[in-house]
1. Would you check if there is a residue in region 130-151 being out of contact with any Ser or Thr (no Cβ under 7 Å at 6 or more places or on another chain), closer than 18 Å to E24 by Cα and touching a residue at least 24 places away in the same chain (Cβ under 8 Å)?
2. Out of region 129-141, which residues are in a loop (DSSP other than H, G, I, E, B) and buried (at least 19 other Cβ atoms within 10 Å of the Cβ)?
3. Q66 - would you say it is touching a Pro at 6+ places or on another chain (Cβ under 9 Å) and surrounded by fewer than 18 Cβ atoms within 10 Å (Cβ to Cβ)?
4. Within the group S25, S16, S34, which residue is buried (at least 18 other Cβ atoms within 10 Å of the Cβ) and among the small types (G, A, S)?
5. Out of (1) part of a loop (DSSP other than H, G, I, E, B); (2) among the hydrophobic types (A, V, I, L, M, F, W, C); (3) modelled with pLDDT under 90, what's the single condition that is false for F18?
6. Looking at this structure, is P85 closer than 22 Å to V27 by Cα, assigned to a loop (DSSP other than H, G, I, E, B) and within 17 Å of the chain's Cα centre (by Cα)?
7. Consider A126 carefully, then state whether it is surrounded by 15 or more Cβ atoms within 10 Å (Cβ to Cβ), under 19 Å from E24 (Cα atoms) and of a type in the set (G, A, S).
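The values are calculated or read from the model by the stated rules, or taken from the named source; none is laboratory data. From a predicted model like this one, the values you see are computed outputs, not experimental measurements. Reconstructed Cβ throughout: ideal geometry from the backbone, glycine too, with neighbour counts over all protein chains shown.
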Amino acid sequence: MPESASHRRIHPQALSEFQLHLEESAVWVEALRSRLGWESVAKSHSALCAVLQVLRDHLPLEEAIQLGVQLPVLLRGEYFEGFHPRRDPLPLSDRGDFFMLVHEAIHRDPAIEPEMLARTVLSLVADRLPAAQRAQIEAASPAPLHGLWPD
């Protein structure tokens, strides 16, 4: 007879590893929250995932995957959620289209300025990635986004 959920014991090492993954993701979310001056951790988390997913869909497949594997484990899972790998990235004609997609991804929250959010997330990503990977992902991003990355 299988054990009931209330009687199962979770190995301390499993809890420790999960806690580490949680903390690594929380560092990214907290950094974004702080940069934006927001109170809400949940809003910061949702906004981070939204921008990362919109960016992902406009990167070539190899760079989209490279960016994903650089993220903390829990954010990586959310980054790849709903991902439909394509040989070619979704087209992007101008920044306005990108900002519109970010705005839709954050449920058209009128309190969030999509351009400011996108610039802040790209700055966070740039600060946290190894320089060579950052340069590769930035170069592979659509031309309208090149000026959004920090110098």
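1. yes
2. Taking region 129-141 as the starting set, the residues that turn out to be in a loop (DSSP other than H, G, I, E, B) are 129-130, 141.
If the condition is that a residue be in a loop (DSSP other than H, G, I, E, B) and buried (at least 19 other Cβ atoms within 10 Å of the Cβ), then S141 is the only one that fits.
3. On the way: touching a Pro at 6+ places or on another chain (Cβ under 9 Å): no; surrounded by fewer than 18 Cβ atoms within 10 Å (Cβ to Cβ): yes.
No: the conditions fail for Q66.
4. Numbers: S16 fails: buried (at least 18 other Cβ atoms within 10 Å of the Cβ); S34 fails: buried (at least 18 other Cβ atoms within 10 Å of the Cβ).
Unique residue meeting the criteria: S25.
5. (1)
6. Working: closer than 22 Å to V27 by Cα: no; assigned to a loop (DSSP other than H, G, I, E, B): yes; within 17 Å of the chain's Cα centre (by Cα): yes.
Judged against the criteria, P85 is not a match.
7. Details: surrounded by 15 or more Cβ atoms within 10 Å (Cβ to Cβ): yes; under 19 Å from E24 (Cα atoms): yes; of a type in the set (G, A, S): yes.
So A126 passes the test.
Results for (1) under 19 Å from F80 (Cβ atoms); (2) modelled with pLDDT under 95, shown as yes or no for each residue.
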{"position": "P2", "(1), (2)": "no, yes"}
{"position": "P12", "(1), (2)": "no, yes"}
{"position": "E30", "(1), (2)": "no, no"}
{"position": "V41", "(1), (2)": "no, no"}
{"position": "S46", "(1), (2)": "yes, no"}
{"position": "C49", "(1), (2)": "yes, no"}
{"position": "R56", "(1), (2)": "yes, no"}
{"position": "Q66", "(1), (2)": "yes, no"}
